[in-house]
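Student: Could you have a look at this structure, given as structure tokens, before my questions?
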Amino acid sequence: AGLLFTALMAVLLVLAIGRETRIAALVDKRTKDLKDSETHIRAVVDNAVDAIITIGKSGSIESFNPAAEKIFGYRRDEVVGKNVNILMPPPYHAKHDGYLRNYLETGERKIIGIGREVEGMRKDGYIFPMDLAVSEMHIARRKRFVGICRDITDRKKVDRMKNEFISTVSHELRTPLTSISGSL
């Protein structure tokens, strides 16, 4: 009976050790998968051509990707922890916290969930046009916002040149046509 009991305990011990080994292997695999996923997401954010900025409910910057550094001229360590309104020209600079507070209290959307064209301000004070899309997200029961910005200075310049060209061509064609029409 003692030998049978010992054998039974040995089998249970081997099964428990095998189960623990399988659980440890599964934990290691899931940890590796999570790290790979985190590395993948970090690579996407770091290599995006658009600025990606996250802020908390108070408006303080929590993350600032390399494209944001390039567009706004600030290093990440210069802006993280500061209010996002440093990236906005007057009068938006002073009004931002009110917009954010109003959204949190009423849910009224002015920019959040709606992409629109706004102005941004670089570190050197240069004001430039940009497309901005802001989304709300919840992570670990905390409300945060992610903004994706694209500098559209070049696009605006091309649009202005196109409009000037069309205006010039229109004027140049209208003048002779008016004369011909008058003669007829």
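Student: Among (1) open to solvent by 50 Å² or more (accessible area, probe 1.4 Å); (2) in a helix (DSSP H, G or I); (3) within 23 Å of residue 138 (Cβ to Cβ), there is one condition residue 16 misses while meeting the rest; what is its number?
Tutor: (3)
Student: OK, next. Out of 124, 97, report the one residue that is surrounded by 12 or more Cβ atoms within 10 Å (Cβ to Cβ) and either touching a residue at least 12 places away in the same chain (Cβ under 8 Å) or within 19 Å of the chain's Cα centre (by Cα) (or both).
Tutor: That would be 97, the only listed residue that is surrounded by 12 or more Cβ atoms within 10 Å (Cβ to Cβ) and either touching a residue at least 12 places away in the same chain (Cβ under 8 Å) or within 19 Å of the chain's Cα centre (by Cα) (or both).
Student: Further question: Give segment 139-156 a look and list any residue that's open to solvent by 100 Å² or more (accessible area, probe 1.4 Å) and more than 12 Å from the chain's Cα centre (by Cα), or say none.
Tutor: 141, 142, 154, 155, listed by residue number.
Student: So residue 48 clears everything in (1) among the hydrophobic types (A, V, I, L, M, F, W, C); (2) modelled with pLDDT under 95; (3) over 17 Å from residue 131 (Cα atoms) except one condition, right? Which one?
Tutor: (3)
Student: Within segment 53-63, which residues are over 11 Å from residue 82 (Cα atoms) and buried (at least 21 other Cβ atoms within 10 Å of the Cβ)?
Tutor: 53
Student: Between a residue in segment 43-56 that is aliphatic (A, V, I, L, M) and in a strand (DSSP E or B) and any residue that is buried (at least 19 other Cβ atoms within 10 Å of the Cβ) and at pLDDT below 90, which pairs come within a Cβ distance under 9 Å, given they are 6 or more apart or on different chains?
Tutor: The qualifying pairs are 55/100.
Student: Checking the condition more than 19 Å from residue 55 (Cβ to Cβ), at pLDDT 80 or above and open to solvent by less than 100 Å² (accessible area, probe 1.4 Å), which residue from 164, 136, 78, 117 passes?
Tutor: Answer to the check: 117.
Student: Name the one entry in 5, 64 that is among the aromatic types (Phe, Trp, Tyr) and under 21 Å from residue 115 (Cα atoms).
Tutor: Just a single option satisfies the conditions, and that option is 64.
The values are calculated or read from the model by the stated rules, or taken from the named source; none is laboratory data. Everything numeric here is computed off the predicted structure, so don't read it as measured data. All Cβ positions, even for glycine, are placed from backbone atoms using ideal geometry, and neighbour counts span all protein chains on display. Just the protein is used for accessible areas: all its heavy atoms, side chains included, with ligands, DNA and RNA removed. Shrake-Rupley method; radii C 1.70, N 1.55, O 1.52, S 1.80 Å.
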